[in-house]
Amino acid sequence: MSETVEIRLTVNGEAVTRRVAARQNLVDFLREDLGLTGTRAGCEHGVCGACTLRVDGAIVRGCLLFAAQLDGARVETIEGLSDSGEIAVLQAAFHERNALQCGFCTAGMLITAAELLARGGVPSRAEIRDFLSGNYCRCTGYHAIVDAVEAAARTRAGNGPP
Amino acid sequence: MSERPLSFLDRPNSYIGRSVPRPNARRLLQGRGTYVDDIRLPRLLHAVFLRSPYAHARIAGIDTAAASRLPGVVRVVTAADLAGLYTPWVGTLSHLKGLKSAPQHPLAQGRACWQGEPVAAVVAESRAQAEDAAAQIAVEWQELAPLASAEAALASGAPAIHAALGDNLAFARAVDTGAVDDAFARADAVVAETFTFARHTGVCLEPRSILAEFDRSERRLTLHCSSQVPHMMKEIAARHFALAETDVRVICRDVGGSYGIKIHVYPDEMATIALALLLGRPVKFVADRLESFVSDIHAREHRVAARMAVSKSGEILAIDIDDLTGIGPYSTYPRTSAIEGNQVVNLTGSWYRCANYRARLRVAFQTKPPMSQYRAVGHPIACAVTEGLVDLAARAIAMDPAELRRRNLIADDAYPCTSPAGLIFEKLSHQRALARMLELMDYAGLRREQAALRARGIHRGIGLASFVEITNPGPAFYGVGGAPISAQDGCTLRLEPGGAVTCAISITEQGQGTETMVAQIVASVLGVALERVRVVTGDTERTPYGGGTWASRGAGIGGEAALQAAKALRANILDLAGAMLQAAPADLDIAQGWIVDAVSGARRIGLDEVGRAGYFRGDTLPPGIQPELVATRHHQPRDYPFAFTNGVQASWLELDIETGFVRLLKHWVVEDCGRVVSPLLVDEQIRGGVVQGLGGALFEECLYDGEGQLLNGTLADYLVPMAGEMPDIEVAHVMTPLAGTELGAKGAGEAGTAGAPAAVMNAINDALAPFGATVAEQPFTPARILRALGRT
């Protein structure tokens, strides 16, 4: 239980070295050791998607990874993606369309949506709904989120609403 | 010019009725919100609870020695260790005659009455250490017979869960207008069904959380809560921990979903407060998902046997219902667990003209987690029962279900009127709403499409559900029964020296847009830009006293308080500006941050100049002028006990008769919530509410075995609606402003949840109609639909 591991990784572009408990998951590491509280645990079963973040460019569930697995990894969280401006178009679309209420799922939702948008083109509403089905939202009913992702995809594709 | 109205609604730059993005959403979009678990304090400790693994068991002994010795552990406590720190609580209200319950404590007192009841607590330097220690607590359990179902609990000879109460009947109520049997006897058709509603729960993505700090030097308690009701929590903490009411402060920053889950007093949260008092160090408790499923209040669990009498010409003649509901071992404090059943009795059938009504309600104790108020309290049950009966009746007399509704919904010119159970309706618009719905969804076109598809073996269904929704409750809900729950709210506005406005208001924000809605009202009335208004909520030391957020009351009550406060501040500002400009205040107005000539609109001086004069340059003001650049107003509904809203929902879905799967194709809502302050926010409340209703109708169920053990208590096993299976939801409004307030707003937060299950049930049954099958047991899972089809 008290076994620790030293890890060196990059978090939001900054080099980080820490000694972590072998059993600590990535969400707890980010929140407790680095103070990056934008990544949130919703179910700790890898189901709800609230803890979605990027490791080495791919979206993952932070609650299903141990921090000790991340030696040498490149981690990007909502804080880093906000500061870099990479998901600004999506954030603006979510803001405009009120595609969030309590905000607890929002970071994970945005990071998942960014993955879909990175594939290019303008996905259909059904494709958006399907892609976001691993991210639970209890407030919005999803309609506004689908609208916002669709609008952001159109903006990125260089054309406005149809 | 003294007759000039304060035309905040039609000013050219009014924000009322406009959709604006929520300023406070920016931090949430960047992951920079602050929920309770994000708060770090020096010397913070973490509490973890050991919970009962049994639905009903005696605690013969608890050995905490091994747990206490583990690294990082500061204290392990059981019930005896907290004795004397608090007074127990009982969830009764004096106006619910006969309601009984037993005293509740932070930790089980020698016996646990549900699987999940907190039994012992560990406080440690980290949560992980506390969890390690909790696993080392040894409890000697002696299992007792569970009483999992409400039926079993009320069976003759069933042992009383609380011997002192005599039996397991917590509450009962009956309504009988008389002549019900006569009406059934002369009916052309009588339809009957038993509707069941499974237990489900809120699944707030942010679990319940509390951080309690106690300063021993001043005996001051500060609670950082994930709560909808900061002032109630302050009152509760002061009462039960014997603290001065001025020595308790409750702060609610960002709240990650609530839906009624976070308005109750929970034993583990009270234990966390007790631990902070005991240890003199800040203590945090954040429920994990597994314990949320067995410790958050559950909702629903009703079985309603219902009948309706109807004439050949389509007149609803009588309704008769019998509701049995199970509420767990305690009535939840302080709102009780009898309100939901009471609402079912009050609401069923109340939007139809039918005068003959009989209802019986029985509320039973059982050994499951406590059940209490959750979004749309009682409404989804009353609506599904009523609207399910209406569709059955339509089928029995071969009348179109929309037409049967049109013939029986209360006429729009019949108000005010009183329902058979005594509800007073001020002014509703059922007929207009139904007409608007039939047009919006192209009802006739959909019926044609449905018929054409049926011929090809594709089974689609159309379901309608009219409803009423209780909003803006006055003291009749809780205060009259003795609960420290305020039905009024207050708003304080302060003009800042630079012309901006700080607004402190007692209603609260959980993401529904409260702060934005309030800012829209304040900015409109004061004549300033929206971004010049900063709204403060969720802090009992920084806002006026008020009820918070529940029962769809934010816009109707808090919004009116904000409107009246803004009018008062406006008058104060114009008084000062008049003195500065040697003009009559009535000849001045405020527009876009300027004092202007009321008639010509010509700019005279900026609000910043007024603020500067008021705060820094009193020397320049005429003698006798005392600037008063703060105003506070409160609002409390007085004319009616509740402001009812009304609406109608419709569902269009496709049923796969081979698999029993339901595919939702489209959902519509026509809602009359009075004046719509912020269309974007209102529509999103409706949509979110609809999907919570759809969750209960199709997926969500706390599955219990006969021993009272939860079988699906993880988010991997308990289904909630996901994006892929939800439909687009079209929302339209009829607007009947509420009388008695200037704003005219009613509530909108729960209407979606109230009507959605009924609409889906009716649509499924419409799709099943060619097979002579019906379902009435929520959630409508594929297995239940196949059973109805005789395919299992």
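What the table below lists for this structure:
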quantity	calculated
Sparse-neighbour loop sites [trypsin sites (Lys or Arg not before Pro); the range B:72-175; at most 15 other C-beta within 10 Å; DSSP]	B:LYS97
Cα lying deepest toward the dipole's positive end in chain A, options A:GLY141, A:GLY80, A:ALA93, charges on Cβ	A:GLY141
Size of electric dipole in the protein assembly as shown: Cβ of Lys, Arg +1 and of Asp, Glu -1, about Cα centre, debye, nearest 20	440
Accessible surface of the range B:94-142, 1.4 Å probe, proportion on carbon and sulfur as whole %	46
Qualifying trypsin sites (Lys or Arg not before Pro) for the range A:60-162 [loop in DSSP, other Cβ within 10 Å: at most 15]	A:ARG119
Magnitude of the charge dipole, the range A:4-82, Cβ model with Lys/Arg +1 and Asp/Glu -1, debye to 20	100
Counted charge near B:THR87, where neighbours are those whose Cβ lies closer than 14 Å (Asp, Glu -1; Lys, Arg +1)	0
Simple spin-label estimate for B:ASP608 and B:ALA583 in nanometres, 7 Å along Cα-Cβ	2.0
Size of charge dipole - the range A:87-156 - debye, nearest 20, with Cβ of Lys, Arg +1 and Asp, Glu -1, no other charges	20
Accessible solvent surface per residue of the range B:485-562, calculated while the other protein chains remain in place, 1.4 angstrom probe, Å²	22
Partner lysines for B:LYS234 [C-alpha distance under 29 Å; skip if fewer than 8 residues away on the same chain]	B:LYS97, B:LYS100, B:LYS262, B:LYS284, B:LYS368, B:LYS746
Value of [θ]222 nm, deg cm²/dmol, for the protein assembly as shown, DSSP H segments ≥ 4, -39500 (n - 2.57) each, nearest 500	-8000 deg cm²/dmol
Carbon + sulfur, % of accessible area of the range B:223-281 - ligands and nucleic acids excluded, 1.4 Å	44
Among B:ALA613, B:VAL283, B:ASN762 - extreme Cα towards positive end, dipole of the protein assembly as shown, charges at beta-carbon	B:ALA613
Surrounding net charge for B:GLY280, when Lys and Arg each add one and Asp and Glu each subtract one, Cβ distance under 9 Å	+1
Label-to-label distance, nm, for residues given as A:LEU64 and B:MET735 (7 Å Cα→Cβ offset)	4.8
Angle in degrees between helix A:106-118 and the longest Cα principal axis of chain A, rounded to the nearest 10	70
Centroid-to-centroid separation of the range B:337-370 and the range B:602-626 [C-alpha atoms, Å]	59
Alpha-carbon centroids, the range B:465-488 and the range A:93-162: separation in whole Å	37
Between 0 and 90°, nearest 10: helix A:88-97 axis offset from chain A longest Cα axis	60
Cβ-defined net charge surrounding B:ALA121, 11 Å radius [Lys, Arg +1; Asp, Glu -1]	0
Distance between the range B:278-326 and the range B:84-106 - C-alpha centres, whole angstrom	20
Per residue value of the accessible surface for chain A (all protein chains in place, 1.4 Å probe), Å²	39
R0 of 30 Å, Cβ-Cβ distance A:ALA126-B:LEU453: FRET efficiency to nearest 0.05	0.95
Furthest towards positive pole of dipole, B:ALA421, B:ALA500, B:LEU438, structure part the range B:421-501, Cβ charges	B:LEU438
Interface B:A - total buried accessible surface [probe 1.4 Å, Å², rounded to 100]	4200
Rounded accessible area per residue of the range B:567-632, 1.4 Å, Å²	51
Solvent-accessible area, 1.4 Å probe, carbon plus sulfur percent, for the range B:488-635	48
Averaged over B:199-208, number of beta-carbon atoms from partner chains that fall within 10 Å	4
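The values are calculated or read from the model by the stated rules, or taken from the named source; none is laboratory data. These numbers were taken from a predicted model, which means no experiment stands behind them. Methodologically, a virtual Cβ is constructed for each residue, glycine included, from the backbone with ideal geometry; neighbour enumeration extends over all protein chains shown. Keep in mind that these areas ignore ligands, DNA and RNA; they rest on the heavy atoms of the full protein, side chains included. Shrake-Rupley method; radii C 1.70, N 1.55, O 1.52, S 1.80 Å.
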